[in-house]
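Everything on this sheet refers to the single structure shown next.
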Amino acid sequence: MALIIYSKSTSFVDHINRVVDGEVVHRSTVFPLNAKTGDVCLVYAPSFVEELPVWLEEARRKNIVIGVAAGIPGVEDLLSYTNLGVQGYFNAYMSAPNYAQMVRMLRNGQSWYPPLLLSQAFELARSALQTPPTNNLLEVLTKRERDVALAVAEGKSNKLVVSTCNMAERTVKAHLTQIFQKLNVKDRVALVIYLGQFDSLKSNKSSTG
């Protein structure tokens, strides 16, 4: 069971060498995905901004255990990465005990996330749930707004939404403003949590308009 580090940052690699015990495999590219089921892969997100979403999808299909390192972890990215199957999300430069705990938990099939971000996510979930789900959720959004909302719910960034929905970034932002108002949620993080209550959304995407 290998521990594989993906990074173009020498400072991150140097930090890993200082704080992680045992053999570590270092790679500076994410493709091809040379990992097998049971391996733990830690990827430094700032090194692979464009490739990461596609790479994470491939890793999920192969049942590879993934942890994503960030310079400044945020709750929005936490939710996006968990939607993409990531089991760990963390500060790239955290201490050796935290790394040891995280790697151990990932190898045991568990997840690891910063406690502060989890608290923020739970608070956002409580806030989102104050707006009760309704059966006519899809009806309050236009088709283009619904496309944007569904893309965001899948964890896509604005740039990926632009590509997926074939629209300008300013249009995506305008649609998000309307979506927030219509669904009574305050931001995209709350939107992800809110839409997560509706398992039927994706199945209805192509049948409503």
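The values are calculated or read from the model by the stated rules, or taken from the named source; none is laboratory data. Quick caveat: nothing in here was measured; it's all calculated off a predicted structure. Glycine also receives a Cβ, built like all others from the backbone with ideal geometry; neighbour counts cover every protein chain displayed. Each accessible area value is taken on the protein alone, full model and side chains, heavy atoms only, with ligands, DNA and RNA left out. Shrake-Rupley method; radii C 1.70, N 1.55, O 1.52, S 1.80 Å.
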Checklist outcome for this item: Selection over region 54-71 where residues are open to solvent by 10 Å² or more (accessible area, probe 1.4 Å), farther than 30 Å from Glu123 by Cβ and not aliphatic (A, V, I, L, M) yields a count of 4
Checklist entry - Going by the structure shown, is Glu139 at pLDDT 90 or above and either more than 20 Å from the chain's Cα centre (by Cα) or surrounded by fewer than 13 Cβ atoms within 10 Å (Cβ to Cβ) (or both)? => result no
Item to check | Residues that are in a helix (DSSP H, G or I), of a type outside the set (A, V, I, L, M, F, W, C) and crowded, with 17+ Cβ neighbours inside 10 Å, drawn from region 1-30 | outcome: His15
Item to check | Subset of region 146-198 [under 22 Å from Leu52 (Cα atoms) and of a type in the set (Gly, Ala, Ser)] | outcome: Ala149, Ala151, Ala153, Gly155, Ser157, Ser163, Ala168
Checklist entry - Within region 144-165, is there a residue that is modelled with pLDDT under 85 and over 30 Å from Gly67 (Cα atoms)? => result no
Checklist entry - Restricting the search to region 72-91, which residues are farther than 13 Å from Val192 by Cβ, open to solvent by 40 Å² or more (accessible area, probe 1.4 Å) and outside any strand (DSSP E or B)? => result Ile72, Gln87
Checklist entry - Restricting the search to region 50-71, which residues are modelled with pLDDT under 90 and in a loop (DSSP other than H, G, I, E, B)? => result Glu50, Lys62, Asn63
Next on the checklist: Consider region 31-53. How many of its residues are surrounded by 14 or more Cβ atoms within 10 Å (Cβ to Cβ) and either within 15 Å of the chain's Cα centre (by Cα) or within 23 Å of Gly109 (Cβ to Cβ) (or both)?
Outcome noted: 14
Next on the checklist: Residues that are within 14 Å of the chain's Cα centre (by Cα), surrounded by fewer than 21 Cβ atoms within 10 Å (Cβ to Cβ) and at negative phi: does region 96-106 have at least one?
Outcome noted: no
